[in-house]
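Chemist: Dropping a structure here in structure tokens format, bear with me for questions.
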Ligand SMILES: C[S@@+](CC[C@H](N)C(=O)[O-])C[C@H]1O[C@@H](n2cnc3c(N)ncnc32)[C@H](O)[C@@H]1O
């Protein structure tokens, strides 16, 4: 009989993101939770990233009808699929990686896999473990690809990086079993969202200044045209009778495209949050963010 490499812990019923992801929603969670409709059918998150809001909703028992989580980053979705389907093997591999958490040379060796032949043929578990190991040990958890599509974030020099929290990883795996995971563009949500579903959009933020753009998650940018295209999808879903919520930076552009003149019935509010990833430490202060909802937040919360 095959022996388990580690004991499987009792369920915690609380899952948290296990990846560091630019734009992670940690600090905005209370604001998003406050605006979550009291009742909804399926839940969809087309810019999944680290999935902070999904894990929070799941942990609070509010996801009763499943839904779809998706992202344009193919490696990210493959990684989530592996956590969902092969948690035990993946955790065993990550526990092996723990011994190399401070090893710069090892980091660059693992990073170089995608420059070697046979990379695509590696197992799903190997690829997901690599992604998590690099994410936890590279600089700022940056997911950055060069022009050839090769991962090129540098070593992070962390003293004690957490490679895997075993209990949380099992909970994450359980949480992911309640939803579909898909790779694709955010507009695909139009093909499956139905009236009464709840859709949360957390796109790459519109830049506060022309040089402040951080859009490296997928190797392609998310410019003004994409922000307009997203507003169009938001409007169509709202007209269909979905509950639509979106967070973004608070800029002239987002103020204009999420005004009640542009989308009827919309409520848009600004909230204060501290920006997480910024190469310039001095700019890590508080900034305003925009949260737009297609529904009357107070009325939907009053539903019993
Ligand atoms: C701000 S992050 C999401 C952060 C996430 N909510 C969290 O808590 O970590 C934006 C995500 O959008 C994805 N993305 C970029 N362009 C996309 C597109 N056209 N369609 C779907 N996802 C896209 C990126 O890969 C990235 O993971």
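The values are calculated or read from the model by the stated rules, or taken from the named source; none is laboratory data. No experiment lies behind these values; they were computed from the predicted model shown. FYI the Cβ positions are ideal-geometry reconstructions off the backbone, even for glycines, and counts take in every protein chain you see.
Chemist: Provide a single number: the residues in the range 120-153 that are part of a loop (DSSP other than H, G, I, E, B) and either surrounded by fewer than 21 Cβ atoms within 10 Å (Cβ to Cβ) or in contact with a strand residue (DSSP E or B) (Cβ under 8 Å, 6 or more places away or on another chain) (or both).
Modeler: First pass over the range 120-153, keeping only residues part of a loop (DSSP other than H, G, I, E, B): 120-123, 142-144, 146-150, 152-153.
From what is left, the residues that are either surrounded by fewer than 21 Cβ atoms within 10 Å (Cβ to Cβ) or in contact with a strand residue (DSSP E or B) (Cβ under 8 Å, 6 or more places away or on another chain) (or both) are 120-123, 143-144, 146-150, 152-153.
Count: 13.
Chemist: Also: Scan (1) at pLDDT 95 or above; (2) farther than 18 Å from residue 51 by Cα for the single condition residue 144 breaks and write down its number.
Modeler: All conditions are met except number (1).
Chemist: Next question. Which residues, counting only those in the range 159-184, are more than 15 Å from residue 65 (Cα to Cα) and part of a helix (DSSP H, G or I)? Working first, answer last.
Modeler: Taking the range 159-184 as the starting set, the residues that turn out to be more than 15 Å from residue 65 (Cα to Cα) are 159-173, 182-184.
Across the range 159-184, the qualifying residues are 166, 167, 168, 169, 170, 171, 172, 173.
Chemist: When the range 86-112 is examined, which residues are found to be out of contact with any helix residue (DSSP H, G or I) (no Cβ under 6 Å at 6 or more places or on another chain), crowded, with 16+ Cβ neighbours inside 10 Å and without any contact (Cβ under 8 Å) to a residue 24 or more places away in the chain?
Modeler: Correct list: empty.
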